[in-house]
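Below is one structure, written out as structure tokens; the observations come after it.
The values are calculated or read from the model by the stated rules, or taken from the named source; none is laboratory data. Everything numeric in this text was worked out from a predicted model, so none of it was measured. Heads up, the Cβs are rebuilt from the backbone with ideal geometry, glycines too, and the neighbour counts pull from every protein chain shown.
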Amino acid sequence: MKDRFEEIIIKDNFYQSSSFFPMPLTLIGTLNEDKTLTSFGSYSLIFPYYIAGKQYYAMVLECRNTSNTAKGILRHGKCTINFLPYSKKNFAQHVACGFPGDTPEEKMKDFRFHPVDSFSSKESKEPCPKILEEALQVFECTWMKELDHAENDQVLDEYEGPYHDFNGITSKFGAHFILRIDKILVKPFYKEAIVEGATRSNFCPLPTNWGYRDSKYFWCSDFAKPHAIGIPDREVDLSSIQYAAKRLNTDVTFTDDALKTIVKVPRPFLKLVLQGCVKWAEENGVKVITEKEMKIIADKRSAEKKKKKK
Ligand SMILES: Cc1cc2nc3c(=O)[nH]c(=O)nc-3n(C[C@H](O)[C@H](O)[C@H](O)COP(=O)(O)O)c2cc1C
């Protein structure tokens, strides 16, 4: 489409009132007040938050602060994020679980999915929210209430402030929850796709293209077969790798043959890779890294990766 752009007014809920925005579709399970029932609410504003380099991995959830989900997290600190495959019936259940105002007991009366015990519940003395048997993937999470000092936030009818910046009650109507990922559960067929490699037919069929439009309809498109595009085949030239290797704070050196084995490493990761090799060399009393040592390091790395994936 080569039309010129037109500016559109930015309103509340701009991600659907002022734009189209790709989003996941999830059902989040939390415990009701007396912990006897898991209630499921529909949520899309749920994204990876800490993805590396921290003590733990985390998601962030943006949520109405008077919802059952917000209350469940504030009271009990636990939730399960359930990803279900696309179907018209499944989408209709998500829309039904997105209707505000019902109590957990009212919501769960006609619920068509089957809640089952979570993996966390096997390790905990306290009741934990259940997960959905029909989900293809589930994240079991704990709210990190100490972040932004939100540990004293409580369930109230109305929130007058002061508000937190990014965790707990963050505005008159809103809450954000940073959720540590305790477990990721994936159905075997899709686990194999992650561990052994994805193809056009084992790609997890999760819906990502939905929106509430015209204050009238919830729209969602079906999952379509994915297409694969290879990573760009670009090489960094050898002289820039030699330069980076010389600048490392070490007396370990690399032969050119060794450096040639990493010409395809993207530039932002080059220093990290070189430092990893030097660390291995220092631990193993090696002063000159040749192609042979690079192979040993690469084999060690892929063995570690395989172990991690299991
Ligand atoms: C598909 C879908 C996605 C939704 N995503 C969100 C969201 O990310 N955040 C939010 O606050 N409300 C969202 N809503 C609205 C909530 O589902 C609604 O407030 C509902 O009452 C929450 O249920 P609960 O009170 O049981 O937690 C969504 C609704 C639908 C239908």
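When restricted to residues that are surrounded by 13 or more Cβ atoms within 10 Å (Cβ to Cβ) and under 15 Å from residue 255 (Cα atoms), the stretch 278-295 contains 8.
Can you work out which of the residues in the stretch 67-116 that are hydroxyl-bearing (Ser, Thr, Tyr) and part of a loop (DSSP other than H, G, I, E, B) is nearest to the ligand (Cβ to nearest atom)?
67
Screening the candidates 299, 222 for the property of being under 30 Å from residue 84 (Cβ atoms) and of a type in the set (Asp, Glu) yields one hit, 222. Look at the stretch 6-25: where a residue is under 19 Å from residue 42 (Cα atoms) and a partner is of a type in the set (A, V, I, L, M) and in a loop (DSSP other than H, G, I, E, B), sitting 6+ places away or on another chain with Cβ atoms under 8 Å, you get 15/23; 15/45; 23/45; 24/206; 25/84; 25/206. Listed by position, the strands (runs of 3 or more DSSP E) contained in the stretch 15-56 that have at least 2 residues being within 11 Å of the ligand (Cβ to nearest atom) and either among the aliphatic types (A, V, I, L, M) or buried (at least 23 other Cβ atoms within 10 Å of the Cβ) (or both) are 26-31, 38-43. Of all the residues in the stretch 149-181, those that are at pLDDT 95 or above, surrounded by fewer than 12 Cβ atoms within 10 Å (Cβ to Cβ) and over 17 Å from residue 75 (Cα atoms) number 4.
Tallying residues that are under 22 Å from the mean Cα position of the chain (by Cα) and over 20 Å from residue 203 (Cβ atoms) within the stretch 76-94 yields 6. Residue 128 meets all of the listed conditions (1) surrounded by fewer than 18 Cβ atoms within 10 Å (Cβ to Cβ); (2) in a loop (DSSP other than H, G, I, E, B); (3) among the hydrophobic types (A, V, I, L, M, F, W, C) but one, namely (1).
Taking residues in the stretch 98-125 that are within 16 Å of residue 42 (Cα to Cα), and partners anywhere that are away from the ligand (no atom under 14 Å from the Cβ) and small (Gly, Ala, Ser), the pairs with Cβ atoms closer than 9 Å and at least 6 places apart or on different chains are 113/135.
Being modelled with pLDDT under 90, within 28 Å of the chain's Cα centre (by Cα) and within 17 Å of residue 242 (Cβ to Cβ) narrows it down to one residue among 301, 267; which is it?
Testing whether each residue is modelled with pLDDT under 90, within 28 Å of the chain's Cα centre (by Cα) and within 17 Å of residue 242 (Cβ to Cβ) leaves just 267.
Only one of these conditions is not met by residue 82: (1) surrounded by fewer than 19 Cβ atoms within 10 Å (Cβ to Cβ); (2) out of contact with any helix residue (DSSP H, G or I) (no Cβ under 9 Å at 6 or more places or on another chain). Which number is it? Going through the list (1) surrounded by fewer than 19 Cβ atoms within 10 Å (Cβ to Cβ); (2) out of contact with any helix residue (DSSP H, G or I) (no Cβ under 9 Å at 6 or more places or on another chain), residue 82 breaks only (1). Taken together, 91, 47, 21 contain a single residue that is assigned by TED's automatic domain parsing to the domain that holds residue 107 and in contact with a helix residue (DSSP H, G or I) (Cβ under 6 Å, 6 or more places away or on another chain), which is 21.
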